[in-house]
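Sharing a structure, written as structure tokens. Questions coming.
The values are calculated or read from the model by the stated rules, or taken from the named source; none is laboratory data. Just so we're clear, the structure is a prediction, and the values are computed from it rather than from any experiment. In this analysis, Cβ positions are derived from the backbone assuming ideal geometry, glycine residues included, and neighbour counts consider all displayed protein chains. Ligands, DNA and RNA are excluded from the accessible area calculation, which covers all protein heavy atoms including side chains. Shrake-Rupley method; radii C 1.70, N 1.55, O 1.52, S 1.80 Å.
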Amino acid sequence: MSFFNTFENFLDNLTDRFRSDLELNRPEDREIEVENERNDTANEVDSLTTAPMVVAVDFQAKPNAVNHFCDKYEIVERQQSAIVLRRGGSFTIEVEFNQELELKKTHSVKLYFNFGQRPSAAKGTQAALQVSGKKLFDKNHEEWDVRVDGQNGKKVTLEIQIPTDAPVGVWNPAVEVSLRKSSDSERHLLRSDTHIYILFNPWNKHDGTYLPDEEKRDEYVLADVGKIWVGNYPYPHGRPWVFGQFDDAVLPASVLLLERSGIAPESRGDPIRVSRAISKMVNSNDDNGVIVGRWDGKYEDGKSPSSWSGSIKIMEEYIRSKRPVRYGQCWVFAGVVNTVCRALGLPSRVVSNFASAHDTNVSLTIDEYVDEKGDEIDSSYRGVTPGGLYDSIWNFHVWNDVWMTRPDLPQGYSGWQVIDATPQETSDGSFQCGPASHEAIRRGQMEFKYDVPFVLAEVNADVVHWQKDDTAQDGFKKLTTNKRSVGRQVLTKKVGPIDNSGYSNADKEDITLEYKPQEGTTAERVTLLTAARRTRAARHAFRLMSQEVDDVEFTVEDLERVPIGEGFTVTLNCKNVSEAKRTVSVVMTSTSMYYTGAPAYPIKRREGEIVLEVGETKSMTMDVTYGDYYEKLVEHAMIKNLAICTVAETSYAWVGDDAMEIQKPDIKIEILSEAVAGQPLALRISFTNPLPITLRRCKLEVDGPGLLRPKTIEIGNVGPNDLMVHEMKVFPKKPKHCTVVVTFNSSQLYNLSGSTQVTINPAE
């Protein structure tokens, strides 16, 4: 049977244990059974032959995991046949034979480690180690090595060195013993059914993922709960997300993704190729990966993206069903990517870009079109992509940074690299993106792998407004260029504890300057123009002069957060700075929209005319009530307020907008009893319904790694403006600092979330 089939069977066995029956498979019971079998085998072997034989191998999973910063992996606790290690480190095993060995004179012992379906020593996927009896390692960090750590009767303790460039995934071990002068037929080989998971090692300076800062390793490798920043600039908010990389379903599933990715086994030690493969395999577009993306709001045959509270349930369902999970959007893709990366040992973080450009033709511009009257033109002019999207500005978009060296690029381009699993555009024929070096993006170096042009446009494209003009080249004249409306802010969670106080955002870190120079500076313009010279579409857009006439100034006032249930006012300000009277035709609209910038439903429209004398300033307003917008909202409750202004005397057309998010209440989580391992812990979950209507089909999603497994709880209807309260008990098993994450969804109000921390104390 091939390794792949064996591993698939292992995953099948794993799913059989989800989830309530874990207590029936206690590790201590299995250890007693294995010990009894071992003793029976030893007695039988001694009675039948005097030839040396391997009786058993103890891989000392728990102490080795501690030494490799892997003791949090649940698979170590719950699987007798699994050990989790990091490459570049060493681990010990205890081998029991049927007789006492003389390693330097009489007996020969060999260790074998195989990776993939066709292991090869030449390709680095097979190791054959002769136990010479030496007490010290004498090979360099890129080679396997073994030394004798001790011998006690029939048991020999060996320490094995793992190469710092070993492929990441499951290795299969075997131990062979023979007399030194015996023939091959007299050798005894024990093939172990133990899966040795070897991961990247950010603690080792020779590893390509080495991260020297301990606090950053704690955050970007070991933190199993974090935040994903969503919403709208300048008022983003953090959404709690359970990464859960140590869950016993996650590591096997992550290795399975690499198996299915098409990466050659010998290349799975390269963080560049592995991270690129992860960006491909987390979406389902090419390879039946983890998640199906959907943005049209129709989720009846799956689960709404906003209802997920973390990655564990998604990974479990992917293993159990053996098909992609429905549905996700960018923050879900990024959350799962972060889980897979951290599970495999790749330092990673979730990154949110506010006002994120989607450039479909590598022009480094987002092109918006109006007709001769200044009305927006149908999207067919905007270059429809295979994903059904066009040049647009997403209110926010979420991807991942991964930390690694880049030996394929010039010096100075290592460190954080962008990967993105959201299927937007193809790269090398597949829906994948990255790794793209931060430094290459910041400098506008389009030629460096991978996908730098696409990411650069996301954070630093210009927005160009075009007006239909039959006399102009290509049928459109260039009106205006907005150089500051894209990449308004790039955020990630800062190193350290999570802030649970809703919209305060004390745990956000602004990393905009890691992606581009300060907006509006000479350095920022040089970056974009350097990149523009390398693409024909960009050269065309940047060379054309704008036809704008700047004698009337327009602004749409930014709105702060509007609590759901309340109304708001859209305000347009106009100032005549010319030497003559100006007449302005105005069209103001308010439209609900998806977070991708795609319009959903029209909410309100107002048309009018403003006459401005020389130097005069006037305003036009449009009031929008709760009744106007409530039934038109879609996920994330985002609204785009747009003003289109045309100056009669000059034919100048101006387009301005303000994107806003209707604010929803946070969920409050209270700890009602003392948190002690082995004792029930009471929780209270609550929020106030802000709407004057009843909430129906209400569900809570509760998750807390180390405290409880992801759980869906159906609750009763919540009346108009009523307080929703749900109390429950969980049963912590051991001391641990935990984070509880809760989301709420109903037919009328959805995408509410909250989190809190709790420290489980040891029992007295």
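Applying the selection to the stretch 73-95, what residues are part of a loop (DSSP other than H, G, I, E, B) and at pLDDT below 95? Write out each step before concluding.
Step one: list which residues in the stretch 73-95 are part of a loop (DSSP other than H, G, I, E, B), which gives 73, 79-81, 87-89.
Hits for the stretch 73-95 are GLN79, GLN80, SER81.
Sticking with this one: Restricting to the stretch 570-613, name every residue that is open to solvent by 80 Å² or more (accessible area, probe 1.4 Å) and over 41 Å from the mean Cα position of the chain (by Cα). I'd like the intermediate steps shown before the answer.
Residues of the stretch 570-613 open to solvent by 80 Å² or more (accessible area, probe 1.4 Å): 575, 579, 581, 599, 601-602, 605-607, 609, 613.
Once the filter is applied, which keeps residues that are open to solvent by 80 Å² or more (accessible area, probe 1.4 Å) and over 41 Å from the mean Cα position of the chain (by Cα), the stretch 570-613 yields LYS575, GLU579, LYS581, ARG606, GLU607, GLU609, GLU613.
Which residues, taken from the stretch 432-443, are surrounded by 24 or more Cβ atoms within 10 Å (Cβ to Cβ) and either of a type outside the set (A, V, I, L, M) or over 17 Å from TRP403 (Cβ atoms) (or both)?
The answer is GLN432, CYS433, GLY434, PRO435, SER437.
Are any of the residues in the stretch 676-691 part of a strand (DSSP E or B), in contact (Cβ under 8 Å) with a residue 24 or more places away in the chain and either acidic (Asp, Glu) or closer than 24 Å to TRP295 by Cα (or both)?
Kept after step one, since they are part of a strand (DSSP E or B), are these residues of the stretch 676-691: 676, 681-688.
With the extra rule that they be in contact (Cβ under 8 Å) with a residue 24 or more places away in the chain, the set shrinks to 676, 681-688.
From what is left, the residues that are either acidic (Asp, Glu) or closer than 24 Å to TRP295 by Cα (or both) are none.
So far as the stretch 676-691 goes, no, none of its residues is part of a strand (DSSP E or B), in contact (Cβ under 8 Å) with a residue 24 or more places away in the chain and either acidic (Asp, Glu) or closer than 24 Å to TRP295 by Cα (or both).
Restricted to the stretch 86-139, and to residues that are open to solvent by 50 Å² or more (accessible area, probe 1.4 Å) and polar (S, T, N, Q), which residue is farthest from GLU176 (Cα to Cα)?
GLN117
Look through the stretch 260-319, keep the residues that are more than 21 Å from ASP451 (Cα to Cα) and among the polar types (S, T, N, Q), and return whichever of them is surrounded by the most Cβ atoms within 10 Å (Cβ to Cβ).
Here is the first cut: in the stretch 260-319, the residues more than 21 Å from ASP451 (Cα to Cα) are 260, 264-266, 269, 288, 290-292, 294-319.
If we keep only those that are among the polar types (S, T, N, Q) too, we end up with 288, 304, 306-307, 309, 311.
Values: ASN288: 13, SER304: 19, SER306: 21, SER307: 19, SER309: 27, SER311: 32.
Out of the qualifying residues, it is SER311.
Only one of (1) in contact with an Asp or Glu (Cβ under 9 Å, 6 or more places away or on another chain); (2) at pLDDT below 95; (3) part of a strand (DSSP E or B) is not met by THR650, so which one is it?
The single condition THR650 does not satisfy is (3).
Something else about it: Looking only at residues in the stretch 408-431 that are open to solvent by 20 Å² or more (accessible area, probe 1.4 Å) and without any contact (Cβ under 8 Å) to a residue 40 or more places away in the chain, which one is farthest from PRO212 (Cα to Cα)?
Here the answer is GLY429.
Suppose we filter ILE610, ILE603 for residues that are farther than 25 Å from PRO305 by Cβ and in contact with a strand residue (DSSP E or B) (Cβ under 6 Å, 6 or more places away or on another chain); which single one remains?
Numbers: ILE603 fails: farther than 25 Å from PRO305 by Cβ.
It is ILE610.
Go through (1) open to solvent by less than 20 Å² (accessible area, probe 1.4 Å); (2) free of Cβ contacts under 8 Å to residues at least 40 places away in the same chain; (3) over 30 Å from ARG217 (Cβ atoms); (4) among the small types (Gly, Ala, Ser) for ALA472 and report which single condition fails.
Here ALA472 meets the rest and fails (1).
Of the conditions (1) free of Cβ contacts under 8 Å to residues at least 24 places away in the same chain; (2) outside any strand (DSSP E or B); (3) under 23 Å from LEU479 (Cα atoms), GLY627 fails just one. Which one is it?
All conditions pass for GLY627, except number (3).
Follow-up. Could you check the stretch 190-215 and list, in sequence order, the residues that are open to solvent by 30 Å² or more (accessible area, probe 1.4 Å) and either within 17 Å of the chain's Cα centre (by Cα) or aromatic (Phe, Trp, Tyr) (or both)?
TRP203, TYR210
Which of the residues belonging to the stretch 449-473 are among the aliphatic types (A, V, I, L, M) and at pLDDT 85 or above?
Quick first cut of the stretch 449-473, residues among the aliphatic types (A, V, I, L, M) only: 452, 455-457, 459, 461, 463-464, 472.
Listed by number, the residues that qualify are VAL452, VAL455, LEU456, ALA457, VAL459.
Still on this structure, I have one more. Where in the stretch 96-195 are there strands (runs of 3 or more DSSP E), lying wholly inside it, with at least 1 residues that are β-branched (Val, Ile, Thr)?
Values: elements: 107-115, 126-131, 145-152, 155-161, 169-179, 188-191.
Filter on the stretch 96-195 gives 107-115, 126-131, 145-152, 155-161, 169-179.
Any idea which of (1) over 21 Å from the mean Cα position of the chain (by Cα); (2) at pLDDT below 85 is the one ASP558 doesn't satisfy?
In the conditions (1) over 21 Å from the mean Cα position of the chain (by Cα); (2) at pLDDT below 85, ASP558 misses (2) alone.
A further question follows. Report the residue count in the stretch 151-161 for those that are out of contact with any His (no Cβ under 9 Å at 6 or more places or on another chain) and within 21 Å of ASN114 (Cβ to Cβ).
At the first step, the residues of the stretch 151-161 found to be out of contact with any His (no Cβ under 9 Å at 6 or more places or on another chain) are 151-160.
Narrowing further to those that are within 21 Å of ASN114 (Cβ to Cβ): 158-160.
Looking only at that region, the number is 3.
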